[in-house]
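Q: I'd like to ask some things about the structure below.
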Amino acid sequence: MCDKNSSCHIFIFPFQWDYIGRKVSPKEHIPYNDRADIRAFDRLYSEVSPLKRSYFKIGQSAKYYNEYVYFHPFARKALYGTEENESVYYYELDAADGVYSINIRTAKFSKTYDLTLDRVSVHVFDTGVGIVSFSLKNTKYTDEEDILRINDFGRRLYPQFLTEDNRLGAKNRFLADSISGHIGSLNFYEDFRQYEESIEHRSAFLSPDHIRQVFGYSPTDQVGDPWCKFVFRDEDERAGTIRISPIMDDRMYFLSYYYNKELSDKIKECKRSRSFRDRIGSLCRGGNQPKYAYEVGSKKDFWSRYMFGDGLDLGIANGDMQLSETQRCTYARWVESGTLIGITRDSSVYLTNWDLIETHFTSMYYQMAILCLVQRASVLRFSGEIANLTEEILGKKKKVGKHIKGLYENYIRFLNQIFFREVTSQIQGIEMYEMFQRNMNIERDVKALDEEMAELFNYLEIDEQGKLNKVANVYLPLALLTGLFGINTFADDGWFKWLFAFGGNGMTWSIGDTFTTVIIAMCLYFPIRYHIKNRK
């Protein structure tokens, strides 16, 4: 057993990717299937990135075996990039023992945290979303406040706000003065100075250096350089590139494992001495009666800050609400053994006195968080696609119906291959997965997405019915005329009578031939016009 305090931190950047396979006009829309071509992503990414595709294999690894069999067979395909799996690709940098430095300088506090950068990896999914993951280890800065600052400042991608007198005033609150480091061929430094320049409204996300380099940028490359295959702005999109867009806000999702035996003993202390009024108030609010130190005792503020990523100060000033949120987001099955788990929309944290939890943290629990993030990112991706299709509808662009059908096919695949109500038969895994789903609002958002998809299909049905009505209006009179008189009524003599072997002289042209030609031309005109209009 390990007796030294330590921590692990995983910062996750969920992103949307769009393959721009060809140059298009402003009025044209590239179909979802073409933009989410995972093989095209693999081809371009393998050309430029130092990360290389890796296939999941159990081999002699007990850890990989335990992780793999933990999940239901149908969930494994959504998680593991095996050689036969074309739905998810996994890339990893073949290097370890790097450095991830978080330099903090506020008006009241300055410190640099040099953490071990253990792994950089990328998961890419055929729904058009992906995950960049930075895995860190820490044995030097193990005080409670250190852990909180690492989680908050280390995950920031850009300023949450700008101030007039000091554009980067966010550095006094939760933005690091700089994030730098190196591992393998990656050597990055980001001080966010690019936000001191003029910013275009269509390019408000200025990707930090450690994100850019994962996508093949060198330390000297700048966003907008024409040789870069992965772009972050509308104006840089061109044929043969992939557009990367953030899905969340200025914060990466974070996972945090904190091994601290003394703190674990404190959080499980019972605090049953609360006043009768407080206990009744808690019951009236519908919550469980609080009794542990992480709920109402000396460590309640720490636990709340740890779960919600509050680095310098508690992010809530309402005791009742704090207790309610703590109970909602805490998985306390093992609290009396000294292990406490918190799961929120933006984080999953683990405080323990049992070092075996670290293995679970980096395997099963990490994969569970990845799956839920991909579900959430995919739902947001589909919502964005629906918004784009709505613009197409309003702009009366071509092939909208085809694009709607293509999107719906991919949505059905998402429901069957990525979105699951249960991923494991282990009871604690079932309970944790349910908490992930609930606190990320995934099931609610999927239900709302179902309704949006239904509205799109209602439009498609109405549109197609309208087109059928137009066809009927044109062809019904012709059909009635032909049925009433017969196709050879006007062909008493001449070429058409000869053609259909009714006799007649094939060398002459009668008035009946003229009428027949007009009817055939009218029948062919509309489908030919429709084909020419929609061939591009």
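The values are calculated or read from the model by the stated rules, or taken from the named source; none is laboratory data. This structure is a prediction, so every number in the text was calculated from the model and none was measured. FYI the Cβ positions are ideal-geometry reconstructions off the backbone, even for glycines, and counts take in every protein chain you see.
Q: Name the pairs whose Cβ atoms lie under 8 Å apart, with the first residue in segment 323-348 and in contact (Cβ under 8 Å) with a residue 60 or more places away in the chain, the second of a type in the set (Val, Ile, Thr) and not in a strand (DSSP E or B), and 6 or more positions between them or separate chains?
A: Close Cβ pairs satisfying both conditions: 329/344; 335/267; 338/267; 339/357; 340/267.
Q: Out of the residues in segment 340-371 meeting the condition of being closer than 12 Å to residue 258 by Cβ and of a type in the set (A, V, I, L, M), tell me which one is surrounded by the most Cβ atoms within 10 Å (Cβ to Cβ).
A: Here the answer is 351.
Q: Still on this structure: In segment 341-380, what count of residues is obtained for those that are under 16 Å from residue 8 (Cβ atoms) and outside any helix (DSSP H, G or I)?
A: The number of residues fulfilling the criteria is 13.
Q: For segment 396-404, check the following and say yes or no: at least one residue is assigned to a helix (DSSP H, G or I), touching a residue at least 24 places away in the same chain (Cβ under 8 Å) and under 30 Å from residue 328 (Cα atoms).
A: Taking every residue of segment 396-404 in turn, none turns out to be assigned to a helix (DSSP H, G or I), touching a residue at least 24 places away in the same chain (Cβ under 8 Å) and under 30 Å from residue 328 (Cα atoms).
Q: Same structure, new question: Could you check residue 161 against (1) more than 24 Å from the chain's Cα centre (by Cα); (2) surrounded by fewer than 16 Cβ atoms within 10 Å (Cβ to Cβ) and say which number it fails?
A: With (1) more than 24 Å from the chain's Cα centre (by Cα); (2) surrounded by fewer than 16 Cβ atoms within 10 Å (Cβ to Cβ) applied to residue 161, the lone miss is (1).
Q: Follow-up. Note down all Cβ pairs under 9 Å where the first residue falls in segment 212-241 and is of a type in the set (Asp, Glu), the second is part of a helix (DSSP H, G or I) and surrounded by fewer than 17 Cβ atoms within 10 Å (Cβ to Cβ), and they're at least six residues apart or on different chains.
A: Once the first residue is of a type in the set (Asp, Glu) and sits in segment 212-241, its partners that are part of a helix (DSSP H, G or I) and surrounded by fewer than 17 Cβ atoms within 10 Å (Cβ to Cβ) give 234/202; 234/203; 235/202; 235/203; 236/203.
Q: Only one of (1) in a helix (DSSP H, G or I); (2) within 24 Å of residue 292 (Cβ to Cβ); (3) at pLDDT below 95 is not met by residue 383, so which one is it?
A: Exception for residue 383: condition (2).
Q: Looking at the structure I just gave you, is residue 168 buried (at least 18 other Cβ atoms within 10 Å of the Cβ), in contact with a helix residue (DSSP H, G or I) (Cβ under 9 Å, 6 or more places away or on another chain) and of a type in the set (A, V, I, L, M, F, W, C)? First the steps, then the outcome.
A: Details: buried (at least 18 other Cβ atoms within 10 Å of the Cβ): no; in contact with a helix residue (DSSP H, G or I) (Cβ under 9 Å, 6 or more places away or on another chain): yes; of a type in the set (A, V, I, L, M, F, W, C): yes.
For residue 168, the condition - buried (at least 18 other Cβ atoms within 10 Å of the Cβ), in contact with a helix residue (DSSP H, G or I) (Cβ under 9 Å, 6 or more places away or on another chain) and of a type in the set (A, V, I, L, M, F, W, C) - is not met.
Q: Please indicate, with yes or no, whether at least one residue in segment 406-414 is in contact with a strand residue (DSSP E or B) (Cβ under 8 Å, 6 or more places away or on another chain), at pLDDT 90 or above and not assigned by TED's automatic domain parsing to the domain that holds residue 254.
A: no
Q: So, in segment 192-215, exactly how many residues are at pLDDT 95 or above and of a type in the set (D, E, K, R)?
A: Adding up the residues that qualify gives 2.
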